Each structure stands twice: as C-alpha cells, then as structure tokens.
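Chemist: Please read through the structure below; I'll follow up with questions.
A short reminder: the numbers here are calculations on the coordinates, not readings from a lab. It should be emphasised that the depicted structure is a prediction, and the values quoted were computed from it without experimental measurement. Methodologically, a virtual Cβ is constructed for each residue, glycine included, from the backbone with ideal geometry; neighbour enumeration extends over all protein chains shown.
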Amino acid sequence: MSDSKVAIIGGGLAGLAAAKALKNYGIPFTLFEASKNLGGRVQSDRHDGFILDHGFQILLPAYPEAQAQLDLEALDLRGYLPGAIVFHHHRASLIADPFRKPSAILSTAFSSVGSFADKLKVLALRSGSKMMTYEGPSNVTALQGLRNAGFSDKMIDRFFRPFYGGIFLTADLNDVPYSFLQYLFRFFSESLASIPKNGMEAIPTQMAADLPADSLRLRTPVKAVDVDGTIHGLDGSKLQFDHVILAVQEPAAHRLLKSNFPTPIQARSSQTLYFSADIAPIDEPYLVINGNAEGSGHVNHVAVPSLVQPNYAPKGKHLIAVNAVGRDAHQMTAEKAIHEVIPWFGNEARAWKFLSAKPVYFALPRRFGSPELKSIDKVTLAGDFLETPSIQGALLSGRKAGEALALKLGGSSR
Ligand SMILES: Cc1cc2nc3c(=O)[nH]c(=O)nc-3n(C[C@H](O)[C@H](O)[C@H](O)COP(=O)(O)OP(=O)(O)OC[C@H]3O[C@@H](n4cnc5c(N)ncnc54)[C@H](O)[C@@H]3O)c2cc1C
C-alpha cells in the first residue's frame, strides 16, 4: 500500500467517485469540501415534510457509471413515465414511448406535436443510439443533427427543444453537440428518468457511507492549489501533498489553479420553483413541457415528483416543480410562473402554495469533455466538465482520476 499523501478537493459526485476508487485500491486520502454537506450540485432540502432537490434533477439508471458505482436497488428508484405531455398554446398532446407505454401509441402517433413521419424518425433515433458510446463533442450541433435526421421544425420546436432544454439547461440546440443528445437518448430509451425515494441527495449519501469518516473534512474551503501539490487554506495555512485530485466545478478549478487552468466558458443556469397543492395538476407522472417556441415565457417544464415518489410530499399533498432554464431563468417569480401555467392547468393553479425557490447559477458547464485537461504535474483533475455535463460524466471522471492515481502509486484493486 502506498504511503503517499493524497488530497481530494471537492466532495461532489466526482470527488466522491475518486475517493471510492482510491479506497478500493487501498490508497489513503483526505477529502476537503468547502460546504457543510457532501454532494456538490446533487443535494436535497427537507421543508415541512417535502423533499426539495437543488434544482430539478433525475438519474437515468442505465448510465453505465451509475450501474458500476451505485447500489441502485438501495436508492429505491422510481421513474417518470417515458415521454412527455406537450403544451402548445392551450392544447395538451402526449408523446410517449410506444415500446414502454403501448397504451399511448395512438395518441402519440396522431398528436399535433409533429408529423407521423416525425414519430417514425424517433424510433429510428432510438435504434441508432443503441449501445452508443460518447467519443467527445461532435462538430454537428443538436439542431443540425435533428434536421439532418429529417425531423420537422415543428417536432424540434415543440418536443426536442423543451424536452432536452430541461436536461441541457438551454433551449439553444445549436449550443449542444448532437453526439451528446444521441448519447442521452440512449439512456432515456433504456431506462426511466428516476428519482430516489429519499431525494437526489441519497446518491452522495450512499457513496459517502462507504468512505472512512475521518478522511472527510467538511467546511474546509481551499484557497489555492500549486501544481507541486501544495494546498493553501483560507487562513494562510499550507499543506503539502504528494498528489492532489482537484474535483471542483470548472470556474473553481480556474480560481484555485489560476494561470494553470483555462478561463471557463460561461456556464448554464436554471431555477426551480417548488409549490404544494392538494390535488396534482396531472393524473400520470409525465413531464409537462412547454411546446411554444422560444421567447414564450419562463417556464420550460413542470414536474410533479410526488406522483413518482410519494415520499417527496407529506400525506394528502403534492409537490410541483416549475422549471426555467438559461440566462433569464432567475427572473421567473412565483407569480409569473403561476400566470404562465394557468392556460395549461386551469385556475386550480392559483391555489398552489409557493414553498421555495432553488436558483442554481452554476448548474452545468458548457464544456462537453476536455481530454486535454486531465492532469497538471502533481494535480489530477476530475469533474463533469472533463466528460459530459451529467451525473454519468461526474462519476466517470472521478473514477478515472482515482484509478489512474491509484495505479501510479502501485495500489492494487480489492
Ligand atoms: C439544476 C441542475 C439539474 C441537473 N440535472 C441533471 C440531470 O437531470 N441528470 C444528470 O445526469 N445531471 C444533472 N445535472 C448535472 C449533475 O448534477 C452534475 O454534472 C454533477 O453533480 C457534477 O458533479 P461534480 O462533482 O463534477 O461537481 P460538483 O457537484 O459541483 O462538486 C464540486 C464540489 O467542489 C466543492 N468545492 C468548490 N470549490 C472548493 C474549494 N475551494 N475548496 C473545497 N471544495 C470546493 C463544491 O462545494 C462542490 O461540493 C444537473 C445539475 C443541476 C445543477
């Protein structure tokens, strides 16, 4: 076993995956996390019996790293139904996966969201994305790729833009590589968009439970990192490590490493407003998406997590998540959100009670993989920006960083 001193900075999913990998190879480490909780961007709050995730997030259990690193059964996952209810002006249409929701085949085929040919092309996209791996960002943007595949503008604007907008946190499909859309399409086809019984925070909680508690230093922000392995604390202290895994968000990596790390490209933002209601605004747990083209308000999509996991709300109540994405997401107020969804759900929406706002200014990096940024001298990098902006990307980058260092230090897998 190595007696090297190893530090991990950042206790999000990437830092936790790196820690798990080091532990599996018998390499001791110390993990420094700035905030009072582990999990980074994957956290949940408890509020009067409701579970409020920090922004609307889902886990796709088909993610290969989720299968490799998480005990999915213990998370007690349940999924949204495969598809979406699309509102175009005041009219609702259902787009569902005919393989997994055969009862919706007719409504899907004849919905006004796209042509019948569009629906057949979705099936072609599904079979084309089977077993797909991600080899980095394609030169073809998501918009070009969908057009090349023959999808109509109507189908792109009413379905792909808001559905994937909720995942990419931008409605601009020209700002996302087609390869990432196809890659995610694979996991949406293979699994349901799921949430754990006890909130998204159950994911980092489960990962941390496997780690030695005395290796974890919470509330310990690091001020700077030198590429020779020196860590500077906020109080002016210095600690020398033989190796550092830096698993912070892209802008924080730039702040800590200064000129050794490129200036990040502007990140993506989102805001989720949580409401409670006595009656759910929909009967089945589909995502509800805004099929009106860009510029038609703030709301991108609405979800009712308590229809998926009743544990998200106290008995007799429902939790409603109203989501905005992109640069203006933070301008959505509870009043504006209700005003926008009344045409969808009727005046009953006026009775919804506002619970909490979860704005996330740095939600996703705009980088879709950076193989050139893997390590600098004694510092190995980890984080979603190195792979894909997703839970899969964060888990993969952390595991790779931990394993690469463990092998360098002569550790052996247990
Ligand atoms: C609103 C929202 C919705 C999302 N939806 C989905 C989704 O549906 N599906 C999906 O797969 N992904 C989704 N994601 C993306 C996913 O959550 C992230 O890709 C992933 O959690 C990133 O993990 P990470 O470890 O790379 O970074 P982070 O989680 O950001 O972790 C970095 C950690 O470093 C710590 N840190 C920073 N600076 C310092 C310092 N100086 N000293 C010590 N510690 C420091 C931070 O406190 C943080 O804990 C979403 C993200 C958001 C915000």
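Chemist: Quick check: net charge around LYS238, other residues with Cβ under 12 Å of its Cβ, Lys/Arg +1 and Asp/Glu -1?
Modeler: Local charge sum for LYS238: -2.
Chemist: Additional query: With Cβ to Cβ distances under 12 Å as the rule, what net charge do the other residues near SER152 carry (K, R +1; D, E -1)?
Modeler: Overall, the nearby charge balance is +2.
Chemist: Tabulate in residue order the Karplus-calculated ³J(HN,Hα) for region 298-304, using 6.51 cos²θ - 1.76 cosθ + 1.60 with θ = phi - 60°, rounded to whole Hz; enter x for Gly and Pro.
Modeler: The phi angles translate into 9, 6, 8, 7, 10, 9, 10 Hz.
Chemist: According to the Kirkwood expression over distinct Cα-Cα pairs, how big is the hydrodynamic radius of region 3-91, in Å?
Modeler: 16.2
Chemist: Using alpha carbons only, what's the Rg to Rh ratio of the chain with Rh from Kirkwood?
Modeler: We get a ratio of 0.98 for the chain.
Chemist: Report the local net charge at GLY402: Lys and Arg +1, Asp and Glu -1, summed over other residues whose C-beta lies under 9 Å from its C-beta.
Modeler: Neighbour charge sum, excluding GLY402 itself: +3.
Chemist: Report ³J(HN,Hα) in whole Hz for each residue of region 34-40, in order, from the Karplus equation J = 6.51 cos²θ - 1.76 cosθ + 1.60 where θ = phi - 60°; Gly and Pro get x.
Modeler: The phi angles translate into 5, 8, 7, 10, 7, x, x Hz.
Chemist: Continuing with this model, one more query. Sorted from largest to smallest, which semi-axis lengths in Å does the alpha carbon gyration tensor of region 111-163 give for its equivalent ellipsoid, taking the root of 5 times each eigenvalue?
Modeler: Here the semi-axes work out to 20, 13, 9 Å.
Chemist: Now for a different question. At a temperature of 37 °C and a viscosity of 0.692 mPa s, determine how fast region 144-259 diffuses translationally according to Stokes-Einstein, using the Kirkwood radius over alpha-carbon pairs as Rh; express D in µm²/s, rounded to the nearest whole number.
Modeler: For these conditions, the coefficient is 177 µm²/s.
Chemist: Given an 8 Å cut-off on Cα distances and at least 6 residues of separation, report the relative contact order of the chain as a percent.
Modeler: Relative contact order, the chain: 27 percent.
Chemist: Of the cross-linked pairs LYS197/LYS353; LYS20/LYS408; LYS378/LYS408, which ones have a Cα-Cα span greater than 20 Å in the structure shown?
Modeler: LYS197/LYS353
Chemist: Right, something else. Whose amide H sits under 5 Å from the amide H of GLU201, counting only residues 5 or more places off or on another chain, with H placed in the peptide plane?
Modeler: The list, which skips near neighbours in sequence, is SER44.
Chemist: If you don't mind, there's one more thing I want to ask. Do the sum for the chain: with -39,500 (n - 2.57) for every DSSP H run of n ≥ 4, divided by all residues, what is the mean residue ellipticity at 222 nm, to the nearest 500 deg cm²/dmol?
Modeler: Only helices count here, giving -8000 deg cm²/dmol.
Chemist: Evaluated at 25 °C with a viscosity of 0.890 mPa s, what Stokes-Einstein diffusion coefficient in µm²/s does region 284-355 have when Rh comes from the Kirkwood expression over alpha-carbon pairs?
Modeler: D, rounded to a whole number, is 189 µm²/s.
Chemist: Continuing with the same structure: Looking at the P(r) of region 46-174, how many percent of alpha-carbon pairs lie beyond 23 Å?
Modeler: 44
Chemist: Please work out, to two decimal places, the log10 of the ratio I(q)/I(0) at q = 0.09, 0.17, 0.22 Å⁻¹ from a Debye calculation in which every Cα of region 288-403 carries one identical scatterer.
Modeler: Values, matching the q order: -0.39, -0.93, -1.19.
Chemist: Shifting gears a bit: Does anyone have the angle between helix 334-345 and the longest principal axis of the chain? Alpha-carbon axes, 0 to 90°, nearest 10?
Modeler: Once rounded, the angle reads 40 degrees.
Chemist: To the nearest 10 degrees, how steeply does helix 13-24 sit against the main Cα axis of the chain, on a 0 to 90 scale?
Modeler: 50
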